Amino acid sequence: MNSNQNSRKTSFVLGGARSGKSLHAETVAKAQHTASGQLVYLATAPIFDEEMQARIDLHKQRRGPEWVLAEAPVDLVDTLRRFEHPDNVILIDCLSVWMTNLIIGEHDIAAHRDSLIAHLAISISSLIFVASETGLGIVPDNALSRQFRDESGRLNQMVARASDDVFFVTAGIAQKIKP
C-alpha cells in the first residue's frame, strides 16, 4: 500500500465481457468513498456508434449523479493527476479499451504503460482499475489481435502486481484473488 496515505488503496477488477466487473468495481468504489471526497469515473471508451452510446448511457444511469465523469481515451495519467486528492476514489474503466486506443492510435504503448505503473506508486487517491481478461481464449489468428492480447496481458500483470487487492469476476460473482 502507498505510504502517502494509509487509507489509500489500489484495486484491480478483472473479468470477461458482461461478467459484472464494472458493477463490482463501482461497489468497491462506493464502499471506499467518504463524504469528504469525490467518486470519479474515468472512462476510456470513445463513443463511435449508437450501440456504444447505449452501453455508456446504461453505465451512467446505473452509477447515478454522485459520480464525477472524466474521459481519458489516451491521456490516462494526465487525467488521473487532475483528480488526485487523498479523499477521492477514482474508478478507471477500462484498461482493455485504453490499450485498444493506444494500439489503434499507434501511440508509444510502453511509455504510456510505464507512466501509469509509475503513477500507481505515488498516487494519493484510491484507485480502482477494470480490465478484461483476454488470455483465456484461443490464440488470435491475426497480428493486431495477438498484439492486443499480449499488451493487455502484460499491462494486467503489472497492474495486478502494483495493486493491493485483485478480484476476478465471473457471472456476476467476484472472487478475491489477491492478497
Computed over the chain, the relative contact order (Cα-Cα under 8 Å, seq sep at least six) in percent reads 37 percent
For V68, placing the label point 7 angstrom along Cα-to-beta-carbon and taking the range 14-52, residues whose amide nitrogen sits under 20 Å are 26-45
Skipping prolines and chain starts, which residues have an amide H placed within reach, meaning under 5 Å, of the one on L127, given they are 5 or more residues away or on another chain? K9, T10, S11, I90
Write down the percent of antiparallel bridges among all DSSP beta bridges whose residues are both part of the chain, to the nearest 5. 15 percent
With the dipole of the range 75-179 worked out from charges on the C-beta (+1 for Lys and Arg, -1 for Asp and Glu) around the Cα centre, which of I173, H119, W98 lies farthest toward the positive end? I173
Carbon and sulfur %, accessible surface of the chain computed with the full protein complex present, 1.4 Å: 55 percent
Would you work out the charge dipole size for the range 102-163 about its Cα centre, treating the Cβ of every Lys and Arg as +1 and the Cβ of every Asp and Glu as -1, and quote it to the nearest 20 debye? 180 debye
Long-range amide H partners of E71 with built H, under 5 Å: A43
For the chain, with only Lys/Arg (+1) and Asp/Glu (-1) charged at the beta-carbon, what is the dipole magnitude about the Cα centre, in debye rounded to 20? 640 debye
Going by amide H atoms built from the backbone, whose H comes under 5 Å of the H on T170, apart from near neighbours? Q175
Express in nm, to one decimal, how much length is gained between T170 and T27 on full extension, taking 0.36 nm for each residue of separation and deducting their alpha carbon distance. 49.9 nm
Whole-Hz couplings from phi, Karplus 6.51/-1.76/1.60, listed for the range 130-140; x for Gly and Pro: 10, 8, 7, 8, 9, x, 8, x, 6, 6, x
Rg and Dmax of the chain, Cα atoms, in Å? 15.4, 49
Kindly provide the helix-only [θ] at 222 nm of the chain, computed as the sum of -39,500 (n - 2.57) over DSSP H runs of four or more divided by all residues, to the nearest 500 deg cm²/dmol? -13500 deg cm²/dmol
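The values are calculated or read from the model by the stated rules, or taken from the named source; none is laboratory data. As the structure is a prediction and not an experimental result, all values here were calculated from the model. Glycine also receives a Cβ, built like all others from the backbone with ideal geometry; neighbour counts cover every protein chain displayed. We work out accessible area using only protein heavy atoms, side chains counted, and drop any ligands, DNA or RNA first. Shrake-Rupley method; radii C 1.70, N 1.55, O 1.52, S 1.80 Å.
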